[in-house]
Structures are given as C-alpha cells and as structure tokens.
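The values are calculated or read from the model by the stated rules, or taken from the named source; none is laboratory data. Everything quoted here is computed from the prediction, not taken from an experiment. When we count neighbours, we look across all protein chains shown, and the Cβ atoms used for this are built from the backbone with ideal geometry, even at glycine.
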Amino acid sequence: MPSLDKKLTLYGLTMIAIGSCIGSGIFVTPYAVVQAVPHHGFVLLVWALGGLIALTGALTFAELGGMYPGAGGVYVYLKEAYGELAGFLYGWVILLVINTGALAALGIALAEYLSYFYPFTYSGKIVVAIVTVASLTLINMLGVNTSQWLANLFSGLKLLAIAGIIIAGFLFYDADKIQLEFNLMHNVPTDLGSALLLALIGVLWSFGGWHHASYLAGEAVEPQRTVPRAMVLGALIVTAMYVLVNLSYMLLMPLNGIANTTRVAGEAVGQFIQSGGQIVAIAIAISIFGTIAIYTMSAPRIYFAMAKDGIFFSALAKVHPRFHTPVNAMLLQAIWAIILLLLWGTFADLITYVTFMDIAFMALAGASIFIFRSRHPKRERPYRTWAYPIVPGIFVLISSAFVVNTLIQRPSQALAGLILLALGVGVYYAVKAR
C-alpha cells in the first residue's frame with residue numbers, strides 16, 4: 001500500500017512556515033491595526049505582541065511536534081490530549097471554515113490585485129480564484145518535492161519583496177514630513193486593553209500559518225528535530241519582518257494616511273516611485289499565489305490523518321500510488337473552497353470569523369502541553385519547551401483573552417463559528433455510528 005514520502009527538509013519546512021504566514025495580510029491589514037490603536041508606539045507594540053504569541057506558540061508546539069511527529073500536527077495533539085471528538089472538530093472547522101475560507105478569501109484577494117492590470121468583472125474575479133485553487137491543488141498532487149519547490153520559490157520572493165519595502169523606508173524617510181510618536185503615555189486609547197485585542201484580529205490573521213509545518217510532519221526528514229525547528233525559525237523570521245515593515249510604512253506615510261487605506265504597501269512605495277502601486281501589486285499577487293500553493297498542500301494532511309484514524313470518510317486516507325500524496329483529501333478541500341467562492345463571492349467579516357475559530361483551537365492545543373507533562377512525565381521529548389510553564393502559559397493566556405474579547409466585541413462572527421462546532425458534534429457521532 002503506498003505511503004507518504006519523507007522528503008521535506010528543514011529549509012523546506014521553514015519556508016512553508018514562513019509562506020503560510022505571509023499572504024496578503026501584512027500588505028493590507030495595517031490600516032485596521034492603526035484604526036484600533038492610532039499611535040506609532042502601540043502599533044509596533046501590537047505587531048510585536050502578535051510575534052510573541054506566534055513565538056511562544058511555536059516553542060510550545062515544538063515540544064508537541066517532537067512527541068507526536070505524525071501527519072496532521074495540531075489535530076494529533078488535540079486528539080491525544082482531549083480525545084477523538086476534539087481532534088475531529090478541529091479537522092471539521094479546518095475543512096469547512098479555516099483553511100477553505102482562507103483559500104476562498106486569498107483567491108479573491110489575488111484576483112483583486114490582478115485587476116490592477118486587467119479590469120476583471122465580478123464573475124471574472126471568481127473564475128480567477130477558482131482556477132488558481134484548482135490548478136495549484138493539481139500541481140501539489142504531483143508530489144511533496146514539487147510542493148517543497150513551490151514553497152521555497154514563492155516564500156523567497158515574499159521575503160525579498162518585504163525586505164525591499166523595509167530598506168526603502170529607511171532610505172527615503174523624511175523627518176520633516178513624518179513625525180513619529182513613541183511616547184506610550186500620549187494619545188492612549190480610552191479602553192487600551194480591548195483596543196489592543198481588537199487590533200490583534202488583523203495581526204493574528206497576518207501571523208496565522210506558522211503551525212502548518214506541523215501538518216506535514218509525516219513527510220519530514222527526521223520530524224522530531226525538523227518540525228520544531230521549522231516552526232520556531234518561521235515565527236522568528238516573520239516577526240522580525242512584520243515589525244520592521246510596519247516601521248517602514250510609518251517612516252513613509254503619516255499615521256492617518258495608513259488608517260485610511262487598504263493598500264498601504266502600494267501607497268508607501270508610491271511615495272518615492274511613481275509606479276510603486278503596480279510594483280507592490282505584483283509582489284502581493286506573488287505572495288498570495290504562494291500562500292494558496294502551501295494551503296492547498298498542507299491542510300489535507302489533517303483530513304488524511306483523521307481518515308486513517310477512522311473518524312472521517314475512509315476514502316480520504318487514499319494515497320496516490322505514483323505521486324504518494326493524499327489525493328482525495330486534497331480534492332475534497334479544493335471542491336469545498338470552490339463551493340464557498342460560488343456561494344460567497346465576498347469575504348466581509350471573514351478575517352474575524354476564521355481567526356476566532358483558529359485561535360480558539362490553537363489555545364486548546366497549546367494547553368495540551370500541561371496535560372502531557374502531567375500524564376506522560378517520562379515520555380521521550382526530543383525538544384522541551386524553553387521556560388516551561390511560563391512560555392506556554394503566555395501563549396494560552398493571550399490567545400484565550402483574544403477569543404473571549406472577540407466573542408464579546410464581535411458576537412455574530414464568533415457565534416456562527418460556535419454553531420458550526422455544534423453541527424460538527426452531530427456529524428462526528430454519525431460518522432462513528434457508520
């Protein structure tokens with residue numbers, strides 16, 4: 001019976017972690033962060049806080065990844081800590097909301113940026129999104145080496161584009177035009193705690209994805225060592241790039257200018273290059289395309305692992321005899337993402353909806369480290385989380401605060417996610433009964 005190929009290297013997995021994070025978010029969401037906390041110092045603080053969450057999460061998941069180096073990553077941690085139902089529900093929301101919703105949104109975002117060069121109609125944008133998701137799914141079916149090559153190429157191009165914006169900010173900064181304010185006691189939002197947590201919606205959307213490296217543990221070379229290192233390296237590199245590129249935006253544009261545009265990267269580069277908007281549109285399109293390539297490859301490993309465990313449709317455990325990829329799981333995800341594109345056609349409120357569900361499960365998965373330390377104290381751990389229990393405690397605490405605040409401040413999107421979870425419970429027991 002064919003099995004998955006173990007060909008992913010540390011470099012390839014790190015590029016997957018980086019490429020999963022860097023999509024359209026860092027080029028678009030800064031406006032929402034500035035609107036929530038209109039202060040130079042607090043803006044950088046929120047992005048650094050997002051990096052802290054990602055890093056503490058990566059350090060926590062590094063221990064979990066070393067203990068459970070099989071395909072599926074987060075799904076496996078949840079299943080082992082809380083039981084099959086918790087693992088199933090994570091795969092359920094990944095399939096129906098988190099990954100397919102992100103694929104649909106990214107597909108539309110790609111079409112939006114391509115329309116900078118060609119005036120696509122509404123229907124044309126949907127077609128572009130569908131063709132992109134379908135074609136990249138088919139390419140990723142050709143083998144994990146092909147997927148690794150795609151991730152290396154497009155993640156490298158993303159890092160080069162962001163590095164260019166960072167350098168430009170420091171080279172073309174004009175102190176007479178832009179006054180930076182870092183005094184944290186000046187112009188403080190009335191409800192600072194709530195404002196920071198709301199600002200985190202866009203930040204965590206932009207950071208989301210570093211854990212995708214864990215999904216591919218079943219195809220990694222020496223997964224006990226490779227997967228933890230890839231997640232930590234990815235989180236560190238993305239944090240540094242995000243904080244520096246936001247500083248660059250503020251060096252090139254006034255704060256109120258950033259708050260009033262969803263094309264901050266293009267307008268920032270446009271301050272010193274006439275065709276800056278077009279250059280950045282190309283960079284963002286490449287970035288989004290690369291993220292779609294990774295998402296069409298990584299998450300299906302969860303559905304594959306669930307099917308192998310007997311808690312999802314058995315056909316999803318099929319591995320292609322020639323290419324050694326979970327073809328049915330990949331096809332199912334692509335089909336559902338396309339259905340979402342045809343039903344939605346827009347992604348208003350999607351960021352909040354997806355991020356709420358994602359961070360809720362991330363907090364649960366992070367908390368599993370405390371369960372495993374208590375339940376399996378003598379189990380071999382190739383990597384032990386640094387500064388335990390402080391580091392995982394920070395990750396779980398901040399993530400939980402974000403989830404609770406979103407439930408209070410954005411109840412409609414949060415409740416929609418909770419209803420979907422309730423439906424998932426019914427589906428789980430129906431599948432088990434069969």
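Quick notes
- Scanning region 195-215 turns up at least one residue that is touching a Phe, Trp or Tyr at 6+ places or on another chain (Cβ under 7 Å) and over 25 Å from MET250 (Cβ atoms).
- Of the helices (runs of 4 or more DSSP H) lying entirely inside region 1-115, the ones with 2 or more residues being among the hydroxyl-bearing types (Ser, Thr, Tyr) and either within 16 Å of the chain's Cα centre (by Cα) or modelled with pLDDT of 90 or more (or both) are found at 10-21, 40-67, 74-82.
- Residue within region 238-245 that is among the small types (Gly, Ala, Ser) and at pLDDT 90 or above present: yes
- Screening TYR173 with (1) over 16 Å from ILE237 (Cα atoms); (2) under 23 Å from the mean Cα position of the chain (by Cα); (3) of a type in the set (Phe, Trp, Tyr); (4) modelled with pLDDT of 85 or more gives one miss only, at (2).
- When residues of region 305-333 are limited to those that are assigned to a loop (DSSP other than H, G, I, E, B) and hydrophobic (A, V, I, L, M, F, W, C), the one nearest to LEU136 (Cα to Cα): PHE323
- Inter-residue pairs, beta-carbon under 7 Å, first over 15 Å from SER298 (Cα atoms) and of a type outside the set (D, E, K, R) and in region 317-331, second modelled with pLDDT of 90 or more and assigned to a helix (DSSP H, G or I), 6+ apart: HIS320/VAL327
- Cross-chain or 6+ apart pairs with Cβ under 7 Å, region 113-139 first and at negative phi and surrounded by 15 or more Cβ atoms within 10 Å (Cβ to Cβ), then outside any helix (DSSP H, G or I) and of a type in the set (S, T, N, Q): LYS125/SER115
- Cβ-Cβ distances below 9 Å connect the following pairs, each with a first residue in region 156-179 that is within 18 Å of ALA283 (Cβ to Cβ), a second residue that is of a type in the set (S, T, N, Q) and not in a helix (DSSP H, G or I), and a separation of six or more residues or different chains: ALA168/GLN271; PHE172/GLN271.
- Pairs with Cβ under 8 Å, 6+ apart, first in region 415-434 and within 15 Å of ALA307 (Cβ to Cβ) and in contact (Cβ under 8 Å) with a residue 40 or more places away in the chain, second of a type in the set (A, V, I, L, M, F, W, C) and outside any helix (DSSP H, G or I): TYR428/ILE311; VAL431/ILE311; VAL431/PHE312; VAL431/PHE313; LYS432/ILE311
- Exactly one residue among THR146, THR132 is assigned to a helix (DSSP H, G or I) and at pLDDT 90 or above, and that residue is THR132.
- Candidates are the residues of region 1-56 that are in contact with a helix residue (DSSP H, G or I) (Cβ under 9 Å, 6 or more places away or on another chain), over 21 Å from LYS158 (Cβ atoms) and of a type in the set (Gly, Ala, Ser); the one that is surrounded by the fewest Cβ atoms within 10 Å (Cβ to Cβ) is SER3.
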